[in-house]
Amino acid sequence: MDFDLTEEQKMILELVEEVSEKEIAPLADEVAEKGEFPKKNIEKLASLDLFGITIPKRYGGLEMGYLTWTLVAERISRACATTGLIFGANLLCTFPLLNFGSEEQKERFLPPLAQGKSLGAFALTEPEAGSDAGNVQTSAKKDKGGYILNGNKIFITNGEVADTYIIIANLDKRRGPRGLAAFIVEKGNEGFSFGQHFKKMGLEALPNVELILRDCWVPQENLLGGEKKGFRIAMETFAAGRIGVGIGALGIAEAAFRKARDYSKERIQFGRPISSFQAVQHILADMATKIEAARYLLYKAAWLLDQGKPFEKYASMGKLYASETAMWVSTKAVQVLGGYGYMKDYPVERYMREAKLFEIIEGTSEIQRNILANLILKE
Amino acid sequence: MHIVVCIKQVPDTEELSRVRVNPEDNTIVREGVKSIINPFDENALEEALRIKERKSASVTAISMGPPQAKEALRKALAMGADKAFLISDSAFAGSDTWATSFILSKAIKKLGNFDLIIAGKQAIDGDTAQVGPGLAECLGIPQVTYVRKLEIKDGMIRTERTLEDCFEVVEAKLPALITVTKEINEPRYPSLRGLLRAKKMEIPVLTNEDLNLPSDKVGLEGSPTRVVRVFTPEPPPKGEIIEGDLEKKVDRVIEELKKRNLLRWLK
C-alpha cells in the first residue's frame with residue numbers, strides 16, 4: 001500500500017496551496033459577506049488549468065485523475081468553501097459527459113469545460129424530487145428530431161453562471177425512475193431561463209438557482225446516453241459527486257480545526273494558554289483524528305474511481321463521515337473560541353453554517369446510510 | 001525578437017528569521033531555508049512573457065548560481081520561458097557584482113543574438129542593484145534602470161523610469177538592458193500545464209569549460225569587493241514619550257534639543 005504522492009502531485013499541490021493561501025483565502029470573508037459569485041477566484045483556477053485535471057488530453061484536459069482532483073479541491077475548499085463547491089459542481093457536468101457522452105458530445109462540450117472557459121451544472125432536484133430522485137416532474141416529449149422539455153428545477157448549483165447543464169427529465173412518467181432521461185441544455189437555449197436565486201443559511205455566494213424550462217426544444221444529439229439512462233446517469237454522477245462534496249466538507253473541517261488549534265495556543269485564561277487544558281486538548285485530538293479518517297475514506301474512493309473499480313461505497317462513507325466531521329469540528333471550533341467563536345469577526349461561525357449544507361446535498365446523511373446499509377447487506 | 005531574463009535565486013523573505021550569516025566568511029547560510037526567485041526578477045520575467053504574447057518573441061531565462069538554482073529556472077520555464085540556462089562552476093563561487101556581471105555578459109554572448117535583456121531592479125538579498133547595470137556595461141549596450149512601463153517600437157524601447165518623486169521617459173536603441181520595478185506588472189502563477197511541461201525540460205549548465213574565462217576575472221579572485229563584516233544592526237533605542245500639557249511639552253522638547261546642542265542656531 002503506497003500513501004506517497006507522485007512528484008507531479010506534490011508539485012501541483014505546492015502551487016495550489018500557494019494560490020489558495022495567498023489569493024483565495026484572504027477573499028473568503030468578503031466573498032461570504034457580499035454573497036456575490038467569486039468570479040475572480042474561478043478565473044484564477046481556470047488560469048492554473050485546474051478545471052482540466054480529470055479530463056482526458058484529447059478533450060483539452062490534463063488527464064491526471066480524480067485523486068489529484070480530490071487533493072486539489074481539498075486545498076481550495078480549505079481556503080474558501082464556496083469556491084470549492086463551484087469547482088466541485090463542475091464535475092457533475094464533466095463526469096456524466098465523460099462516462100455517458102457520445103464522441104461528438106465529448107468533443108463539443110468538454111474542451112471549454114476543461115479550460116474553465118465555461119462552467120457546468122447538473123440539475124435533478126425539484127420541489128417534489130429530492131431524496132426521492134425518481135419522482136422527477138420535468139417532462140420530455142419527442143418532437144421534430146428532438147425533445148421538448150417542460151418543468152422547474154430548484155437549488156441548482158452553478159445555475160445561471162454555468163453554460164452547460166445536464167438536466168434530468170422524464171420521458172415516461174408511468175415508468176418512474178426507468179422513464180428518466182438526461183439532456184444537455186445550453187445557456188441561451190430558447191425556452192430555458194433562470195428563476196429565483198435561493199437565499200441560504202451560509203455559502204451565500206454559491207449560486208443556487210431555479211431553472212425554468214418552458215417548451216425548451218433540444219435536438220436529438222443532446223440526449224445523453226440513451227432514453228432510459230437518466231436514472232443511472234444521475235445515480236453514478238451523484239456517487240462521483242459525493243467525493244467532491246465530501247472533500248469540500250473536509251476543507252471546512254480542516255480550516256476550522258486549524259483556527260481552533262492556533263487560537264487555543266494564543267488564548268490565555270487562568271494565566272496559561274487554553275491549549276494546556278485537557279478539556280481543550282481532547283477536543284483538538286478528536287478533531288484531528290476524525291479529519292484524518294475522513295480524508296482517507298475520500299482518497300480511497302477517488303483512487304478506486306481512477307482504477308475503474310467500484311467506488312460508490314467509499315464515496316458514500318467518505319461523504320457521510322466528512323460532512324458529519326465538518327459539522328462536529330466546526331461546532332467544537334466555535335466552542336473552543338468561546339464568545340469570540342460566536343462573533344462574525346472570526347470565521348468559525350461561518351464554517352459552522354457552511355458545514356451544515358454538506359450533510360444535506362448530494363444525498364443527505366440519512367440517504368448515505370440507506371445506500372451503505374443496502375451495499376453492506378448485499379456483501 | 002529574443003529576450004534574455006536574468007534571474008537570481010534568493011532566500012524566501014517569509015523565512016527571513018531563519019536566515020543566518022556565517023561569521024567565518026560573511027556569506028549567507030542557505031541550508032534549510034526555502035528559496036524563491038528574486039521577486040523583482042519575477043516581474044522581469046513577467047514583462048518578457050507579456051512582450052512575447054504581444055509580438056512573438058522567444059524568452060530565455062538565465063541564472064548564475066549553485067546547482068540548486070535550477071529550481072528557480074524551472075519555475076521560470078513553468079511560467080512560460082522557452083529556454084533556461086544555468087551558469088554554474090565552482091570557479092565562479094564567491095563572485096561579487098563585478099565578476100558576476102562579467103560572467104553573465106560572456107554567457108549571454110555565448111547564447112547568441114539578443115534584442116533585450118530584462119533584470120529585476122535589485123536582488124532582495126544583496127540589495128546592490130549593480131549586476132544589471134554592470135552587465136550592460138560589459139556588453140556595451142544602453143541601459144535603463146527602474147523601469148515601470150515600457151513600449152517597444154521600430155527597434156527602440158521607450159520606458160518610464162522611476163525616480164524618487166517623479167518619472168522620466170527614456171528611450172534606448174535595441175539591443176538594450178532594462179531593470180524593472182515591481183510596479184511594472186503582477187507576475188503570473190505557472191499553470192499546471194506549464195509545471196508539467198517544465199518538469200520534462202532540460203536545463204543545460206554552462207560551466208567555465210564552455211565559457212573559458214581566466215581565473216583572475218571570476219570568483220573570489222576576480223572580485224575587487226571584500227566583505228569586511230556582516231552584522232545585524234542594533235535596534236534603535238526606545239524613544240521617550242513626553243506627557244503633560246502642550247506648553248510644558250514644548251518646553252521639554254526645547255530643553256532636550258538644547259542639551260543635545262541641536263538648537264545652536266536659535267539665539
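For the reader, a short list of remarks on this structure follows.
- Phi-based couplings in Hz for the range A:115-121 (Karplus 6.51, -1.76, 1.60; Gly and Pro marked x): 8, x, 6, 9, 9, x, 8
- Percent antiparallel among DSSP beta bridges (both partners in chain B, rounded to 5): 45 percent
- Under Karplus coefficients 6.51, -1.76 and 1.60, residue-wise ³J(HN,Hα) of the range B:18-29 in Hz, glycine/proline x: 8, 6, 10, 9, 6, x, 5, 10, 6, 10, 7, 7
- Subtracting the Cα-Cα distance of A:Tyr342 and A:Ser47 from their residue separation scaled by 0.36 nm leaves 102.6 nm.
- A 1.4 Å probe run over the protein chains yields, for chain A, 44 Å² of accessible area per residue, whole-number rounding.
- Accessible heavy-atom area order of B:Trp265, A:Trp303, highest first, probe of 1.4 Å: B:Trp265, A:Trp303
- Calculated mean residue ellipticity at 222 nm for chain A: -18000 deg cm²/dmol, from DSSP H runs with n ≥ 4 weighted as -39500 (n - 2.57), summed, divided by the residue count and rounded to 500.
- In the full protein context, the range B:2-217 carries 49 Å² of accessible surface per residue, based on a 1.4 Å probe and ignoring ligands, DNA and RNA.
- About the Cα centre, charge dipole magnitude for chain A (Lys/Arg +1, Asp/Glu -1 at Cβ), debye: 780 debye
- Each of B:Gly194, B:Val180, B:Gly222 was placed along the dipole of the protein assembly as shown (beta-carbon charges, centred on the mean Cα), and the one lying farthest toward the positive end is B:Gly194.
- Taking all protein chains together and rolling a 1.4 Å probe, B:Lys199 ends up with roughly 80 Å² accessible.
- Annotation for B:Glu151 and B:Ser90: the two label points, set 7 Å from Cα along the Cα-Cβ direction, are 5.3 nm apart.
- Net charge dipole, the protein assembly as shown: roughly 820 debye, given to the nearest 20, about the Cα centre with Cβ charges of +1 for Lys and Arg and -1 for Asp and Glu.
- Computed from label points 7 Å out along Cα-Cβ, the spacing between A:Asn150 and B:Arg197 is 5.2 nm.
- Counting only DSSP H runs of at least 4 residues, each contributing -39500 (n - 2.57), and dividing by the residue count of chain B, the helix-based mean residue ellipticity at 222 nm comes to -8500 deg cm²/dmol.
- In plain terms, if you count all Cα to Cα distances in the range A:261-317 and split them into 10 Å steps from zero, the share in each step is 22, 30, 18, 18, 10, 2 percent.
- Label-point gap, in nm, between A:Gln281 and B:Lys55 - each point 7 angstrom along Cα→Cβ: 6.8 nm
- Between chain B and chain A, roughly 1400 Å² of accessible surface gets buried, counting both sides and using a 1.4 Å probe.
- Rolling a 1.4 Å probe over the protein chains gives A:Lys141 an accessible area of about 130 Å².
- Rounded percent of accessible protein surface that carbon and sulfur make up, chain B, 1.4 Å probe: 52 percent
- As a calculated quantity, the FRET efficiency between B:Glu183 and A:Thr289 at R0 = 60 Å, using C-beta atoms, amounts to about 0.80.
- Hz values of 3J(HN,Hα) by residue in the range A:165-181 - Karplus curve (6.51, -1.76, 1.60), Gly and Pro given as x: 10, 9, 10, 8, 9, 9, 8, 8, 4, 5, 8, x, x, 6, x, 7, 9
- Expressed to the nearest 5 percent, the antiparallel share of DSSP beta bridges inside chain A is 85 percent.
- For A:Leu171, distant residues with modelled amide H under 5 Å away: A:Ala140, A:Leu180, A:Ala181
- For the pair the range B:33-84 and the range A:23-39, the centres of their Cα atoms are 31 angstrom apart.
- Prolate/oblate/rounded call for the range A:121-228, Cα gyration tensor, a/c under 1.5 rounded: oblate
- Taking amide H as placed 1.01 Å from N in the peptide plane, the amide H of B:Gly219 sits under 5 Å from that of B:Ser95, each at least 5 places away or on another chain.
- Among beta bridges that DSSP assigns inside the protein assembly as shown, antiparallel share in %, nearest 5: 65 percent
- Screening chain A for whole DSSP H helices of 24 Å or more along their axis (Cα) with average Kyte-Doolittle hydropathy at least 0.0 returns A:81-100, A:230-266, A:278-307.
- Taking amide hydrogens as placed 1.01 Å from N in the peptide plane, the amide H of B:Ile87 sits under 5 Å from those of B:Ser63, B:Met64, B:Gly65, B:Leu206, each at least 5 positions away in sequence or on another chain.
The values are calculated or read from the model by the stated rules, or taken from the named source; none is laboratory data. What you see is a predicted model, and the numbers here were worked out from it, not measured in a lab. Don't worry about glycine lacking a Cβ; one is built from the backbone with ideal geometry, like all the others, and counts go over all protein chains shown. Note: accessible area is taken over every heavy atom of the protein model, side chains too, but ligands, DNA and RNA are not part of it. Shrake-Rupley method; radii C 1.70, N 1.55, O 1.52, S 1.80 Å.
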